[in-house]
Amino acid sequence: MKIWSKVASSLLILSCLLISYNSFAQPPRGHHHKGGHHGNPMDPKGEHFYPPEMIMHHKSDIKLTKEQQEYIIKVTQETQSTFTAKKWAMHDAKEAMKKLLEAEKVDEAKTYAQLDKILALEGEMKKQKLGLMIKIKNKLTADQKKKLDELKKKHRAEKGAPRPPRPPHDKPRPPQPPKGK
């Protein structure tokens, strides 16, 4: 029972990390990437890395070993703990920037110093995410990567496929006026 509890808590942590990862990887509101589907600047088209949740979801399909599963959970937990602290620090740094910019007269030197803090935190967070994805990818075998690539390709094809027609409504539609009259 303890093993299942450990696995469940690890998967919960993994999910939280991925939510954080995905929200950070998204472009700012109002900006859209051409060609990229998830906005990760290190892998804009999702071609080179395998999200941990995808690996765990298809662990039997790719014949993921127990040792590989434990490793992925371990590195994800380690990354999650430090990533969360950085995310909170980023929030505080942005709040401090907001206060600097709200001033009647903006202190240019303090504002640039605060921007440097924000950019440094962003860089650390991106390095941390990239490091996690590299560690996970390096733990997979060539056959596992090939199978995951096939699954990604299949998923993309399904996403791009036209939707089946909707079933007819239960209620009859009101008559439409003739066109052109």
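Rule-based calculations on the coordinates, nothing more; no lab input. Just so it is clear, the structure is predicted and the values come from calculations on it, not from any experiment.
The table below gives the values:
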| item | result |
| --- | --- |
| Integer Hz, Karplus 6.51/-1.76/1.60 couplings in order for segment 90-100, x for Gly and Pro | 5, 4, 4, 5, 5, 5, 5, 4, 4, 5, 4 |
| 4 °C / 1.567 mPa s Stokes-Einstein diffusion coefficient of segment 101-166, Kirkwood radius on C-alpha pairs, µm²/s | 78 µm²/s |
